[in-house]
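The values are calculated or read from the model by the stated rules, or taken from the named source; none is laboratory data. Just so it is clear, the model here is predicted, and its values are computed rather than measured. Positions of Cβ are generated from backbone atoms using ideal geometry, with glycine treated the same way; all protein chains shown enter the neighbour counts. Calculation scope for accessible area: heavy atoms of the full protein, side chains included, ligands and nucleic acids excluded. Shrake-Rupley method; radii C 1.70, N 1.55, O 1.52, S 1.80 Å.
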Amino acid sequence: MNETALVLVAHGTRSSRGVEMIATLADAVAEQVGPTRVAFVDVLGPSPSEVLRDITGPAVVVPAFLASGYHVHTDVPREVADSGHPSVAVTRALGPDPVLAEVLLRRLVDAGWQPGDAVVLAAAGSSDPRALRDVRRAAAMLAELAATRVRIGFVATAEPRVPAVVASLRAQGEKRVFIASYLLAHGLFHARLGDAGADGVAEPLGVDPAIVGLVSERYRSGIPAAQHTLSFQRWPVSAAAAPALPDPRRLRPPGPTPTLRGR
């Protein structure tokens, strides 16, 4: 068993379905790399600093975010610093990545999308220009893979909003419009997409063999830094081919049960 712990850091949601999805993802990753802890930067606990204080050996923090905005650039480093843990490596976020684009396209096809249908990439939104740049990169990756133009819409914070983009495509004469959900799990944001006026809404990225492999590769690439540093550092890593998905029911991630924060 690898002695370096993996801490999967997610945003947090009040949706029980979304929380369960993160736990299931951690289960699947744990089957490949060993015990995997889950932490949240908002809404739920435990926080990354709380989890790291409970780990005695080196740790690799993998931010389960699809774009790098405030949470990745500010919250995660602050939590690591607050933990006082002497040996932590922080990988880059999960997205954007070609692996995610492949999953997005599969989700679209499952939702009924066909070549010739319009596509809207629906992202959470951010006020951080770095995160918005990442979303544009994700849209470009999907557009190249699907061989079609991909418009971008946001659920909150940024503009344009998803319903406005769908309406604009209708006004331009598009007969069928599909939404690619650039969200990791079910929750309030994904629920809103059902009211955006599209012909179909793809499922969130969720627990997919390719995403399990991407998380595992992020972790493995961060191990050398975690084992050879006395202070945390960001560690750029790259994606790798995804192994097969194990049965997520076989292992639950150790650590405290998620708790709702008073916000």
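Couplings 3J(HN,Hα) for segment 68-77, derived from phi with the Karplus relation 6.51 cos²θ - 1.76 cosθ + 1.60 (θ = phi - 60°), are 9, x, 4, 4, 6, 7, 10, 4, 5, x Hz, where x marks Gly and Pro. 3J(HN,Hα) along segment 126-132, derived from phi through the Karplus expression 6.51 cos²θ - 1.76 cosθ + 1.60 where θ = phi - 60°, amounts to 6, 8, 8, x, 5, 5, 5 Hz, with x in place of Gly and Pro.
Over the chain, accessible surface divided per residue gives 43 Å², non-protein components excluded, 1.4 Å probe. Computed over every Cα-Cα pair of segment 127-211 and binned at 5 Å starting from 0, the pair-distance distribution P(r) comes out as 3, 13, 22, 27, 23, 9, 2, 0 percent. On the principal axes of its alpha-carbon atoms, the chain has extents of 59, 38, 30 Å, going from largest to smallest. For segment 1-76, the fraction of 1.4 Å probe accessible surface lying on carbon and sulfur atoms is 50 percent.
Computed from backbone phi with θ = phi - 60° and the Karplus coefficients 6.51, -1.76 and 1.60, the 3J(HN,Hα) list for segment 25-42 is 4, 4, 4, 5, 5, 4, 4, 9, 10, x, x, 10, 9, 10, 9, 10, 8, 7 Hz; x is used for glycine and proline. Using a simple spin-label model with pseudo-atoms 7 Å out from Cα toward Cβ, Arg130 and Asp42 lie 1.6 nm apart. Rolling a 1.4 angstrom probe over segment 101-175 with all protein chains present gives an accessible area of which 51% lies on carbon and sulfur atoms.
Taking 0.36 nm per residue of sequence separation and subtracting the Cα-Cα distance, how much length would be gained by fully extending the chain between Arg137 and Arg170, in nm to one decimal? Taking Arg137 through Arg170 to full extension adds about 9.4 nm, to one decimal. In this label model, Asp82 and Asp195 are separated by 3.3 nm, measuring between points 7 Å along each Cα→Cβ vector.
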